[in-house]
Amino acid sequence: LPEGQGPVGWSWRNQKPVYIFSISQSPQMIPWVQRAEAFGIRASASLPIFRGGERWAVLTVYHGEGNAFDADLQRILTNLAQDIGYGLDRLDTLRREREANAFNEALLNTQSSGIGIIRFPERVFERVNARMLEMFGASSLEDLVGRPMRGFYLDEEPYDQVGLAAQKLLSEGHGTLRDVSYRRLDGETIYMD
């Protein structure tokens, strides 16, 4: 059967570009010559598009002139097919990131403990859960996220103590520090482990 034996099928199966420079003079295109002529199509190009490293689609371009797909146009079409694949991969990455962020948010905000994710070595809040907002007397994420931790300690001693404990935690993978004094946004002192 001719179906699946045209340039799109070849491109799909071989995972390579297929250029038909003259549809009317190509023996493989005999089943489609009349239809192509009815629409003024003289040449075609079919290029595979990859998504996640796997073939996903075929980009097909038709031209009204024969022998139109010179080296420059072939390079442009190859880049276009690759860019579409890169774009699809980027969309997939963004979707996975959104799903992971939604999962992380749900996981963080169902905890009864206050959780703060701190960027080191700057010691700045990156993320916090709802309980941590409550503990610091914050009404929104903007009250904490992006702010340096230094402003939440009563003085240098607990700040330095937590810094040393964090370095130990990062190198050894575990650690505990109890009854560290912090300053809430309203100025009240709280103690956390």
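The values are calculated or read from the model by the stated rules, or taken from the named source; none is laboratory data. The shown structure was predicted, so the numbers you read here are calculated from the model rather than taken from an experiment. Note: ideal-geometry Cβ built from the backbone for every residue, glycine included; neighbour counts use all protein chains shown. The area values use the complete protein model at the heavy-atom level, side chains included, leaving out ligands, DNA and RNA. Shrake-Rupley method; radii C 1.70, N 1.55, O 1.52, S 1.80 Å.
Quick notes on this one:
- All positions within region 163-183 that are under 35 Å from the mean Cα position of the chain (by Cα) and either part of a helix (DSSP H, G or I) or surrounded by 13 or more Cβ atoms within 10 Å (Cβ to Cβ) (or both): Gly163, Leu164, Ala165, Ala166, Gln167, Lys168, Leu169, Leu170, Ser171, Glu172, Gly175
- Pick from region 23-53, criterion within 25 Å of Leu88 (Cα to Cα) and part of a strand (DSSP E or B), ranking: farthest from the chain's Cα centre (by Cα): Ser44
- Check on Val8, surrounded by 13 or more Cβ atoms within 10 Å (Cβ to Cβ), touching a Pro at 6+ places or on another chain (Cβ under 6 Å) and among the β-branched types (Val, Ile, Thr): no
- The residue of region 83-103 that is nearest to Val162 (Cα to Cα), among those that are of a type outside the set (A, V, I, L, M, F, W, C) and in contact (Cβ under 8 Å) with a residue 12 or more places away in the chain, is Asp92.
- Checking each residue in region 34-81 for being touching a helix residue (DSSP H, G or I) at 6+ places or on another chain (Cβ under 8 Å), open to solvent by 30 Å² or more (accessible area, probe 1.4 Å) and among the hydrophobic types (A, V, I, L, M, F, W, C) picks out Ile41, Phe50, Trp56, Val58, Leu59, Val61.
- Residue within region 23-32 that is within 30 Å of Asn129 (Cα to Cα), without any contact (Cβ under 8 Å) to a residue 24 or more places away in the chain and either surrounded by fewer than 12 Cβ atoms within 10 Å (Cβ to Cβ) or in contact with a Phe, Trp or Tyr (Cβ under 6 Å, 6 or more places away or on another chain) (or both) present: no
- Residues that are part of a helix (DSSP H, G or I) and either at pLDDT below 95 or open to solvent by 90 Å² or more (accessible area, probe 1.4 Å) (or both) within region 11-22 comprise Trp12, Arg13, Asn14, listed in sequence order.
- Which listed residue is touching a helix residue (DSSP H, G or I) at 6+ places or on another chain (Cβ under 9 Å), open to solvent by 50 Å² or more (accessible area, probe 1.4 Å) and touching a residue at least 24 places away in the same chain (Cβ under 8 Å), from Phe125, Phe120, Phe136: Phe120
- Candidates Asp160, Asp186, filtered to the one that is modelled with pLDDT of 90 or more, under 23 Å from Pro121 (Cβ atoms) and not in a strand (DSSP E or B): Asp160
- Checking each residue in region 111-163 for being within 18 Å of Leu185 (Cβ to Cβ) and small (Gly, Ala, Ser) picks out Gly114, Gly116, Ala130, Gly137, Ala138, Ser139, Ser140, Gly146, Gly151.
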